[in-house]
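Heads up: the structure comes next, in structure tokens.
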Amino acid sequence: MGKEQKECPFAGTVIAVSLSKKHTFSKERKDIIKLVEGLGVQGDAHSGSTVKHRSRVAQKPDQPNLRQVHLIQQELFEELGDRFHIEPGQMGENITTAGINLLELPVNSILFLGHSAMIKITGLRNPCAQIDQFQPGLLNAVIEKDENGNLIRKAGIMGIVLESGEVKPGDEIRVELPPKPFKKLERV
């Protein structure tokens, strides 16, 4: 896939980058992370071409890893700020963003980060009970229901790395939407 892109109506900023070498809920903030094409975040426990999330490995270890990179918008932390104190990386995300409503992006949107990294959005993070071990009540705060009773998951989005590159706080994020009709994000 070439790096040429269509006109981008959305732009945002990387606020923080994080990784964890072990399967921990929270990730450690770093000055820079390297995204590796087809694998994810170099040095992160969830990096790989096949699933690395323990519950999914137990189900079917050879399924493709559609959760190589986890992104959360800082605006969520602000929304929850009256009830919870959350710092970037603490909810397990690799990249904390600002300025883009990640949850409104359609499946297969492309994020261009920094000079060369590209991520294709695969779906929504499905938060699990571990989130309440981090801060009690947080699970209910990041899952709501719409007027039709459908779940709204607000704990971030997942993606795969299309092009390798380094990502650091302050990097611009540009978005390329996929061709219409758009497909709404679902849990992945």
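The values are calculated or read from the model by the stated rules, or taken from the named source; none is laboratory data. Keep in mind the model is a prediction, meaning the values are calculated, not measured. A quick note on method: Cβ atoms are made from the backbone with ideal geometry, for glycine too, and the neighbour counts reach across all protein chains shown. Protein only, heavy atoms only, side chains kept; ligands, DNA and RNA dropped before computing areas. Shrake-Rupley method; radii C 1.70, N 1.55, O 1.52, S 1.80 Å.
Checked against a 27 Å cut-off, the cross-linked pairs K34/K145; K21/K183; K60/K183; K30/K52; K34/K180; K21/K154 give Cα-Cα distances beyond that limit for K34/K145; K21/K183; K34/K180. Among the protein heavy atoms, those of R83 account for about 140 Å² of accessible surface (1.4 Å probe, every chain in place). Counting only protein heavy atoms and using a 1.4 Å probe, the accessible area of R174 comes to about 60 Å². Per-residue SASA remark: E87, around 70 Å² accessible (1.4 Å probe; ligands, DNA and RNA not included). Put simply, the amide H of V51, placed in the peptide plane, has neighbours under 5 Å in Q63, N65, leaving out anything fewer than 5 places away on its chain. Each residue of region 81-90 is assigned a 3J(HN,Hα), and the resulting list reads x, 6, 10, 9, 10, 10, 9, x, x, 6 Hz, derived from the Karplus form 6.51 cos²θ - 1.76 cosθ + 1.60 (θ = phi - 60°), x at Gly and Pro.
Largest GNM mean-square fluctuation among I33, I72, I143, using the chain with Cα springs under 10 Å: I143.
Let me make sure I get this right: for region 81-151, a, b and c are the square roots of the gyration tensor eigenvalues over alpha carbons, sorted descending. Under 1.5 in a/c it's rounded, otherwise prolate if a/b > b/c, else oblate. Which is it? Note, shape of region 81-151 comes out oblate.
Derived scalar couplings between HN and Hα for region 136-143 equal x, x, 5, 4, 5, 6, 9, 10 Hz in order, rounded to whole Hz, by the Karplus curve 6.51 cos²θ - 1.76 cosθ + 1.60 (θ = phi - 60°), x for Gly and Pro. Based on DSSP H segments of at least four residues, each scored -39500 (n - 2.57), the chain has a per-residue ellipticity at 222 nm of -2500 deg cm²/dmol.
Excluding ligands, DNA and RNA, the accessible surface per residue across region 13-102 is 48 Å² with a 1.4 Å probe. Of all beta bridges that DSSP places with both ends in the chain, some 90 percent have antiparallel geometry. The fraction of accessible area contributed by carbon and sulfur in region 1-111 is 48 percent, rounded to a whole number (1.4 Å probe; ligands and nucleic acids excluded). Each other residue within a Cβ distance under 13 Å of E78 adds +1 if Lys or Arg and -1 if Asp or Glu, for a net charge of -2. State the label only: which of [x] 16.3, 49; [y] 18.8, 59; [z] 15.5, 45 corresponds to Rg and Dmax of the Cα atoms in Å computed from the shown model? Only one listed value fits the structure, namely [z]. For the chain, relative contact order (Cα pairs under 8 Å, six or more residues apart, normalised by length) works out to 32 percent.
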